[in-house]
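The block underneath contains the structure these notes are about, expressed in structure tokens.
The numbers here are math on the coordinates, done by the rules we state, and not lab data. Because the structure is a prediction, the values reported are computed rather than measured. Methodologically, a virtual Cβ is constructed for each residue, glycine included, from the backbone with ideal geometry; neighbour enumeration extends over all protein chains shown.
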Amino acid sequence: MIFAANFKTNHTRKSTELYIKELNEKLGAKKPEDKVYIFPPATALDAYEGDFKIGVQNAYPTINGAYTGEIGVEQLDEFDIKTILIGHSERREHMGESQEKVAEKFSFFQEHDLEIIYCIGEPLYIREKGFEAVMQYLLAQFEGIDINYASLIIAYEPIWAIGTGRSATVEEISTTHRALKKVIGNKPLLYGGSAKPANIKEIINIAGVDGVLVGSASLDADSFSEMILS
Ligand code: PEP
């Protein structure tokens, strides 16, 4: 299983260091085959040591240059960051990242050999239209994306379940993952959306779920490690 923590705009450099120290004390008990990823804010990126990978939540598709406020490959290389989140619904929604921009970013970081966790997910009004509409919406988010990229992990994150405390049901996750697996083949497929210690077991036991991308419940090292060790 893959357990990925997305801190979003939470934690500082100092609190990330403490978090990693706490997490490291627990990770000795994790199954060797389980993989842990941590996506701290850009200001807390560093080459931390432990049984996990540090990834970046976002970067600009450039090595370096005149892109005020952004970071590129040169800044990631400094801390040996080799994993990136692309297509998160918060970036699509709040930062106005179009599918075209997302695909451009994907191609650039693919060319630079970064491992990509690529996020897709539908808003509530689409879910309410029924399963066919959901799949049509999700498949459109593969436009311009090379789903055969070797270092690709996909995260299905229904937008209405993100940060709301209301996870998708086992049935919703199961049917959506089954349909997505037919498209993405053997790529790992994570579920994201209000995953927490209370529901982690039932989520990771669903066929077609290869792990979870966790926001709120990952902010506390105890809660995240409880999920990993569940
Ligand atoms: C996310 O934003 O990727 C996420 C899954 O958030 P939460 O766990 O808080 O729903």
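Across the range 171-230, the number of residues qualifying as hydroxyl-bearing (Ser, Thr, Tyr) and in contact (Cβ under 8 Å) with a residue 60 or more places away in the chain comes to 2. For Lys101, the conditions (1) more than 19 Å from the chain's Cα centre (by Cα); (2) surrounded by fewer than 18 Cβ atoms within 10 Å (Cβ to Cβ); (3) of a type outside the set (A, V, I, L, M, F, W, C) all hold with the exception of (1). Within the range 104-118, the only residue that satisfies the criterion of being loosely packed, with under 13 Cβ neighbours inside 10 Å and either part of a helix (DSSP H, G or I) or aliphatic (A, V, I, L, M) (or both) is Glu111. Somewhere in the range 14-24, is a residue closer than 11 Å to Ile228 by Cβ and touching a residue at least 60 places away in the same chain (Cβ under 8 Å)? Scanning the range 14-24, I find at least one residue that is closer than 11 Å to Ile228 by Cβ and touching a residue at least 60 places away in the same chain (Cβ under 8 Å), so the answer is yes.
Among the candidates Lys14, Lys21, Lys31, the residue that is assigned to a loop (DSSP other than H, G, I, E, B) and on the phi < 0 side of the Ramachandran plot is uniquely Lys31. Checking the stated criteria, Ser225 turns out to be more than 14 Å from the ligand (Cβ to nearest atom) and under 19 Å from Lys53 (Cβ atoms).
Every condition in (1) surrounded by fewer than 18 Cβ atoms within 10 Å (Cβ to Cβ); (2) of a type in the set (S, T, N, Q); (3) within 16 Å of the ligand (Cβ to nearest atom); (4) farther than 26 Å from Ile203 by Cα is met by Thr9 except one, and the failing one is (4).
Listed here are the residues, each with its yes/no results for (1) of a type in the set (A, V, I, L, M, F, W, C); (2) closer than 18 Å to Leu213 by Cβ; (3) in contact with a Leu (Cβ under 8 Å, 6 or more places away or on another chain).
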| site | (1), (2), (3) |
| --- | --- |
| Phe3 | yes, yes, no |
| Asn6 | no, yes, yes |
| Glu17 | no, no, no |
| Gly65 | no, no, no |
| Glu74 | no, no, no |
| Asp77 | no, no, no |
| Asp80 | no, no, no |
| Ile86 | yes, yes, no |
| Glu111 | no, no, no |
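If the requirement is being β-branched (Val, Ile, Thr), out of contact with any strand residue (DSSP E or B) (no Cβ under 9 Å at 6 or more places or on another chain), near the ligand (Cβ under 10 Å from one of its atoms) and touching a residue at least 24 places away in the same chain (Cβ under 8 Å), which of these qualifies: Ile159, Ile117? Quick ask: steps written out before the conclusion?
Values: Ile117 fails: out of contact with any strand residue (DSSP E or B) (no Cβ under 9 Å at 6 or more places or on another chain).
It is Ile159.
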